[in-house]
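Some notes on the structure that comes next.
The values are calculated or read from the model by the stated rules, or taken from the named source; none is laboratory data. Since the structure is predicted, the reported quantities are computational estimates derived from the model, not experimental observations. Cβ sites come from the backbone with ideal geometry, for glycine too, and all protein chains shown count toward neighbours. For accessibility, only protein heavy atoms count, side chains too; no ligands or nucleic acids. Shrake-Rupley method; radii C 1.70, N 1.55, O 1.52, S 1.80 Å.
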Amino acid sequence: MNIHKSAEDYLEMILMLQKEKGFARSVDIALSLSVSKPSVSVAMKKLRENGYILMDAENLITLTEPGQAIAERMYRRHTVLTEMLVRLGVNEVTAREDACKIEHDLSDESFAAIEKHINLYR
């Protein structure tokens, strides 16, 4: 899966909005990521063309199977890394922001070790 960081962020946000609201719309994505509506439109077009999302007649966004897999991977990384940082004493806001930066670049091997360590203390 070779996909840009920004695309991973969009897919993850779609998943988060679906979990929170039951649906995802471009306007909600723009608000949540603090980006412009035109930027979201361009990104959604690319994600749709690459087979990661579907948009219905009401402009509700649905993740395809490949899009769902990427979104879930990024969401899992984000939540585990946030939890690790909070446990280390980082305030939750900073931990979430830092986790978002780390989640894209961390190797699978390092993430698996962190996740295993976190799971030992749950």
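In the structure shown, the pairs LYS21/LYS116; LYS45/LYS116; LYS19/LYS45 are assessed against 25 Å; a Cα-Cα span above that value is assigned to LYS21/LYS116; LYS45/LYS116. At a 1.4 Å probe, what is the % contribution of carbon and sulfur to the accessible area of the chain? On the chain, the fraction of accessible area on carbon and sulfur atoms equals 53 percent. Annotation: amide H-H contacts under 5 Å for ILE53 (H modelled 1.01 Å from N, sequence separation of 5 or more, or interchain): ARG48, THR64. Relative contact order for the stretch 1-82: 35 percent, from Cα pairs under 8 Å spaced at least 6 residues apart, divided by residue count.
Listed by chain and number, the lysines placed with their C-alpha closer than 19 angstrom to that of LYS101 are LYS5; residues fewer than eight positions away on the same chain are left out.
Suppose R0 equals 30 Å; then what is the FRET efficiency for THR64 and ASP98 from their Cβ-Cβ distance, rounded to the nearest 0.05? Efficiency, rounded to the nearest 0.05: 0.50. Taking one quarter of the surface of the convex hull spanned by the alpha-carbon atoms of the chain gives a direction-averaged projected area of 7.9 nm². Phi-derived couplings, Karplus 6.51 cos²θ - 1.76 cosθ + 1.60 at θ = phi - 60°, listed residue by residue for the stretch 109-116: 4, 5, 5, 4, 5, 5, 4, 4 Hz, with x used for Gly and Pro.
On the principal axes of its alpha carbon atoms, the stretch 82-122 extends 25, 24, 10 Å, with the longest extent given first. Given the DSSP H assignment, sum -39500 (n - 2.57) over each helix run of at least 4 residues in the chain and divide by its residue total; what's the result at 222 nm in deg cm²/dmol, nearest 500? So the calculated ellipticity at 222 nm is -22500 deg cm²/dmol. Taking every C-alpha pair closer than 8 Å and separated by at least 6 residues, the mean separation divided by the residue count of the stretch 60-122 gives a relative contact order of 34 percent. Straight Cα distances below 19 angstrom link LYS37 to the aspartates and glutamates GLU8, ASP9, GLU12, ASP28, GLU49, ASP56, GLU58, with same-chain residues fewer than 8 positions distant left out.
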